[in-house]
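The values are calculated or read from the model by the stated rules, or taken from the named source; none is laboratory data. Worth saying up front: this structure is predicted, and the values here are computed from it rather than measured. Don't worry about glycine lacking a Cβ; one is built from the backbone with ideal geometry, like all the others, and counts go over all protein chains shown. Note: areas computed on protein heavy atoms with side chains; ligands, DNA, RNA excluded. Shrake-Rupley method; radii C 1.70, N 1.55, O 1.52, S 1.80 Å.
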Amino acid sequence: MSAFIQQLPALLGVVIGALGSYLAITRGDQARFRREQAARWDERRLAAYTGYARSLKKTVTLTCRIAAHLGNDPHPYPLSPEEAVPHLAEATDARDPAGEALLMLGTPDVVQRAREWVVVVMDMERFLRDRTQSPQAWSTLLQQQRTARERYYEAVRSDLALPPGHSGQWRLPSAQSS
């Protein structure tokens, strides 16, 4: 019995060491799992955010082309309202599932900014459905759309902990200076 008592501290050390190793490995695996899970959700949110932005941008491009046909926008490829109807319907149809994914995965701030952006885009569509011819009013709507889009992207970057990005406003040389 005295040999067992002499070996007891060593045996306890082995048991405590094994238990410590098990706990350390288990905690490390749990932490790694949580990081991987967070990364997967970040990827899914980014895909939802990008899909929604792409669907809105398609509508914006179509509205600019229609506005060019009505004399409100300098877009180089005008499109008549009649020719645009199927394209606008397709863009609107694509926007619905993208919006659902955004609602499901987006943070409240991103969803709010997306709503603000889509409201301006819908105002642009209404402006064109009424066949309004006012380059100044169109320019104001376009600027509101750019601001709403920029705020949406700021919210997305904040949610995904991305660095600040470009405003998306390009200064192009005028065609007359060439």
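Here are a few things to note about the model shown:
- Among the conditions (1) in contact with a Gly (Cβ under 7 Å, 6 or more places away or on another chain); (2) at pLDDT 95 or above, Val120 misses just one, which is (1).
- Residue-level analysis places Arg65 among those that are surrounded by 11 or more Cβ atoms within 10 Å (Cβ to Cβ) and either touching a residue at least 24 places away in the same chain (Cβ under 8 Å) or over 17 Å from the mean Cα position of the chain (by Cα) (or both).
- Among the residues making up segment 135-178, those that are over 22 Å from the mean Cα position of the chain (by Cα) and either among the basic types (Lys, Arg) or modelled with pLDDT of 95 or more (or both) are Pro135, Gln136, Ala137, Trp138, Ser139, Thr140, Arg171.
- Condition met for Ala48 (of a type in the set (A, V, I, L, M), more than 17 Å from Tyr153 (Cα to Cα) and part of a helix (DSSP H, G or I)): no
- Gln145 being closer than 16 Å to Cys64 by Cα and either touching an Asp or Glu at 6+ places or on another chain (Cβ under 9 Å) or open to solvent by 40 Å² or more (accessible area, probe 1.4 Å) (or both): yes
- Criterion violated by Leu70 - all others in (1) in contact (Cβ under 8 Å) with a residue 12 or more places away in the chain; (2) under 30 Å from Arg157 (Cβ atoms); (3) open to solvent by less than 60 Å² (accessible area, probe 1.4 Å) satisfied: (2)
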